Amino acid sequence: MGIKGLVIAAAGSGSGKTTVSLGLMAALRRRGWRVAPFKVGPDFIDPGHHARAAGTPSRNLDGWMLPQETNRNIFRQAARSADVAVVEGVMGLFDGFDGRSEEGSTAQMAKWLGLPVLLVVDARSMARSAAALVQGFERFDPQLRFAGVLFNRVGSPRHLEYLRQALEGQVAMDFLGGLPREDALAIPERHLGLHTAEDHPLGPERLARLASLVEDHVDLERLVRALPEVRGDNGGECPPDPGFAQPPRVRLGVARDAAFCFYYPDNLDLLARAGADLVTFSPLNDTDLPPGLAGLYLGGGYPELHARRLAENSGMRAAIGRAGRAGMPIYAECGGLMYLCRELDPGEGARWPMCGRFPFGVRMLARRRALGYREVRLTSGTLLGPAGACLRGHEFHYSEIAESAAGVDTVYRIAPRRGDSGGTPEGYRVGNTVGSYVHLHFGSFPAAATHLVEACRRWRDSAAGAPQAGSGPEARTGA
């Protein structure tokens, strides 16, 4: 089955890619098109907004964390029942892992998927110079195809006419219009980026305004008509991976609320394929864990913004502590790691008690502590695989461990580049609890999902498989 598709890119961050992407998704959906949304890069926040606009989950595509064929499979599977795929890029069109190659860039992904690029240009304080910018992007990589150029933050109809005139005879790509400045439609930002869909929901009225913005100022019919068809299927259903365990299935608890909302959908899919029944719970609102769980997955998010409520929910903190002491497998990333620590200092003059699985506290900083891709090599057997296994992910946080972690096992060696011989010890383990600041994409090592589910199955089937308050041995191995 063929579908239409395009990639939305820009000259740089902050040009309006997300506004254009959301408006286009909402406009196409309003016209009855089934939209498959995607995001290039490791971002969690934009996909949450995509899901609101498109009415279906958005998937991450990443040329550094994931192999080419894995990205293609993710795209094919998610787009197979759609009419049009809308892929929002990351940073500038050609920006990637470093300055020497296209690795991890939007341009690389567009070529991998065979999709044309809609170039979004921030036209503030610019008129004829816009033609030079567009011409440079058009000529930089001859293998890249363009669907057209769309200007953003246009000051007036006269300004838009100047931009149109500037392009005449200078570029080959289509001029598709320009969006006026609409500051009221901007999603507010905070330290990790835009507000999340959980905290700043795109309601029907706001989505309708975004859709109208695109319909009123973009030659939508011309854009869609010019898009080529691409293969949206994978030649049938994906056969079961022989490495994935079959039933009996296990119940895996997934923390999901305003404090914990950063998950790659493909991680959850891989866990489900490996035999996990995913059961969501809220550390903010639920006072106990759901019954019958054999493991926990605590993703990232904003626990620092909800530290007081998390601390005051002593029932949930106690339940997680009992489960951990009983040896239940617990895997945590970034915000989840913070929640499992002894205490959290959000930088407001108070320290709030957390779950206490790790015997150290964390504190928020005024400046960013870490940002970038990470390659993780397991230094011993863990919930995620054997020693030597290599996974990829991303790290982005403003907090740090407030004291020495001496005496706590580390099971990761993390490095910012592929194959670095050095690296930093990280990935903390206490019993069957593993936590790290790195958000791993299981697509980089799909067997991680199998290992985690198998650890849950073994714990459930063991004689000590029922957590009881204050009892249960501390398992000293993570595999």
Original post:
What residues qualify as long-range amide H neighbours of Phe260, i.e. H under 5 Å apart, gap of 5 or more or another chain, H built at 1.01 Å from N?
Top reply: Tyr302
Original post:
Fewest to most neighbouring Cβ within 10 Å: what's the order for Ser462, Ser105?
Top reply: Ser462, Ser105
Original post:
Along the charge dipole of region 250-461, Cβ charges K/R +1 and D/E -1, which of Ala415, Ala449, Asn285 sits furthest on the positive end?
Top reply: Ala415
Subject >> Amide proton proximity set for Asp277, modelled H, under 5 Å, gap of 5+ >> reply: Val250, Arg251, Leu252
Original post:
Can you give the charge dipole size of the chain about its Cα centre, rounded to the nearest 20 debye, using +1 on the beta carbon of Lys and Arg and -1 on the beta carbon of Asp and Glu?
Top reply: 280 debye
Original post:
How would you classify region 250-461 from its alpha-carbon gyration tensor, with a ≥ b ≥ c the square roots of the eigenvalues: rounded for a/c under 1.5, else prolate if a/b is greater than b/c, otherwise oblate?
Top reply: oblate
Subject >> Least to most buried among Lys111, Lys4 (fewest other Cβ within 10 Å first) >> reply: Lys111, Lys4
**OP:** Please give the helix 17-30 orientation as an angle from the longest Cα principal axis of the chain, in degrees from 0 to 90, rounded to the nearest 10.
**Re:** 80 degrees
**OP:** List the relative contact order of the chain as a percent without decimals, with contacts defined as Cα pairs under 8 Å and 6+ residues apart.
**Re:** 14 percent
**OP:** Assuming R0 = 30 Å, can you tell me the calculated FRET efficiency for the pair Gln165 and Gln143, based on Cβ-Cβ distance, to the nearest 0.05?
**Re:** 0.55
Subject >> Pairwise label distance in nanometres, Asp277 with Asp461, each label 7 Å out on the Cα-Cβ vector >> reply: 1.7 nm
**OP:** Using the number of other C-beta atoms within 10 angstrom as an exposure proxy, rank Tyr162, Tyr264 with the fewest first.
**Re:** Tyr162, Tyr264
**OP:** Convert each backbone phi in region 381-393 into a coupling constant with the Karplus relation 6.51 cos²θ - 1.76 cosθ + 1.60 (shift: θ = phi - 60°), then list the ³J(HN,Hα) values in order as whole Hz, x for Gly and Pro.
**Re:** x, 9, 4, 9, x, x, 4, x, 5, 10, 10, 10, x
Original post:
Relative to the first principal axis of the alpha-carbon coordinates of the chain, what is the inclination of helix 204-217, with its axis defined by its Cα atoms, in degrees from 0 to 90 and to the nearest 10?
Top reply: 30 degrees
Original post:
With the Cα gyration tensor of region 2-231 giving a ≥ b ≥ c as the square roots of its eigenvalues, does the rule (a/c under 1.5 for rounded; else a/b larger than b/c for prolate; else oblate) give rounded, prolate or oblate?
Top reply: rounded
Subject >> Contour excess over end-to-end distance, with Cα ends at Arg34 and Arg222 and 0.36 nm allotted per residue >> reply: 65.8 nm
**OP:** Multiply the residue gap between Arg158 and Leu365 by 0.36 nm, knock off their C-alpha separation, and tell me the result in nm, one decimal place.
**Re:** 69.9 nm
**OP:** List the GluC sites (Glu not before Pro) within region 24-113 that fall in a DSSP loop (any state other than H, G, I, E or B) and whose Cβ has at most 15 other Cβ atoms within 10 Å.
**Re:** Glu103
**OP:** Mind giving me the nanometre distance, one decimal, between the label points for Ser129 and Arg100, set 7 Å out from Cα along Cα→Cβ?
**Re:** 3.2 nm
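Throughout, read-outs are computed from the coordinates displayed, never taken from laboratory work. Here the structure is a predicted model, which is why all the values come from computation and not from measurement. We place every Cβ from the backbone using ideal geometry, glycine too, and count neighbours over all the protein chains shown.
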